[in-house]
Every structure is written in C-alpha cells, then in structure tokens.
1. Could you pull out the residue among 30, 44 that is crowded, with 24+ Cβ neighbours inside 10 Å, modelled with pLDDT of 95 or more and in contact with a strand residue (DSSP E or B) (Cβ under 7 Å, 6 or more places away or on another chain)?
2. Exactly one of these conditions fails for residue 39: (1) open to solvent by less than 30 Å² (accessible area, probe 1.4 Å); (2) assigned to a strand (DSSP E or B). Give me its number.
3. If you go through the stretch 85-123, how many residues are more than 20 Å from residue 148 (Cβ to Cβ), part of a helix (DSSP H, G or I) and touching a residue at least 12 places away in the same chain (Cβ under 8 Å)?
4. Could you give every pair whose Cβ atoms fall below 7 Å, whose first residue belongs to the stretch 5-17 and is closer than 9 Å to residue 100 by Cα, and whose second residue is among the hydroxyl-bearing types (Ser, Thr, Tyr) and open to solvent by 40 Å² or more (accessible area, probe 1.4 Å), counting only separations of at least 6 or pairs across chains?
5. Here are some residues: 27, 2. Which one is more than 16 Å from residue 99 (Cα to Cα) and not charged (D, E, K, R)?
Amino acid sequence: MNRTDKINYYLDIAQTVLERGTCLRRNVGAIIVKNDVIISTGYAGAPRGRANCTDLGYCRRVQLGIPSGQRYELCRSVHAEANCIIAASREEMLGSTLYLAMVDAQTGEIVPSASPCSMCRRLIINAGIEEVIVRTSKTEYKRFAVADWIDNDDTLPEEKDEYHGDKK
C-alpha cells in the first residue's frame, strides 16, 4: 500500500476545498492545520451574499486586461487564505501551518508558481501562522517560513521584485 505523506494529505484536502471556488482565473483552496487538526478551510469567492464571477459569467480583471498578480483590489473575490483566517481564532492559528493549492480555472492544471499575494502575506503574519506550504505539482510543494516574510519585507516594490525576490 502506498500511503500518502502527511503534507500531500493536507494539500489534497486544500485542493478539494478549491473546488468550491468561484474565480474564473484561478481557484485556490487553503486549510490551516495545527497539531494535526484542521482548524479552518477557505476558498476564493465573492463575499457572502454577493454575486460570484461564475454567476456573473465574467471576471472584471480579465475585462480590464489586468495581468495576473496585479490590482487585487478590483477582484470580486475574498482570497482563500483570507477566508481561511477569517474562519479561525488567532489563538488557534498561533504556530500553525497553512496549506495552499491553486489551479488554473480554465485548464484545471496546478499552478506551480503559486504563493500568497502581499495582502494575504500580511494577514498570515498577523494571524500567527508559522509556515505556508504550497502545492507545485501533484506530489511536490514549496515551503515558506513566515518569519522570512517579516525579516525580508517584500511590501516595498522599489526594493524587491514581488514575483522573484530579486533586488531591482
């Protein structure tokens, strides 16, 4: 019997959660785990009671020609990480791990370059989450130590390239 390792087990759950997503660009699922207990789950979708992009049949950012990774304030969705954090208490999240899976909504393929945006990174830091693990393929992943996001502040675009971490 081939038993799935624990990290991929949680990433599989995050990938199942993303199936509830309503984004026409990227579907993202997130779960927060502490001491092998799932604390909360979240997926990308419009705020409660508002129409989702899938209901409307269009994405405003696509209509405006906005490249992926930019101008999130124009997005209808609450990001999966934010929804996951909203659903849990900070006390539960202190020292926890956030597992994240992202697929292209058009192709269903895993997005290997996925990582939390700068807005979600700030939420993750304040939530007290210790580590973020992001799926890069069906069995591979990358790990982010949240302390590195604090020590290497990437919120100043003139100092760092948000997508590659290089000095400009």
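1. Details: 44 fails: modelled with pLDDT of 95 or more.
When all the criteria are applied, what remains is 30.
2. Only one criterion is unmet by residue 39, namely (1).
3. 3
4. 11/141
5. On the way: 27 fails: more than 16 Å from residue 99 (Cα to Cα).
When all the criteria are applied, what remains is 2.
Residues are listed down the side, and each one gets a yes or a no for (1) open to solvent by 30 Å² or more (accessible area, probe 1.4 Å); (2) closer than 17 Å to residue 17 by Cβ; (3) at pLDDT 90 or above:
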position	(1), (2), (3)
68	yes, no, no
72	yes, no, no
75	yes, no, no
81	no, yes, yes
85	no, yes, yes
103	no, yes, yes
110	yes, yes, yes
128	no, no, yes
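The values are calculated or read from the model by the stated rules, or taken from the named source; none is laboratory data. None of these values were measured; they are calculated from a predicted model. Neighbour counts are summed over all protein chains in view; Cβ atoms, including those assigned to glycine, are modelled from backbone coordinates with ideal geometry. In case anyone asks, the SASA skips ligands and DNA or RNA and just uses the protein heavy atoms, side chains included. Shrake-Rupley method; radii C 1.70, N 1.55, O 1.52, S 1.80 Å.
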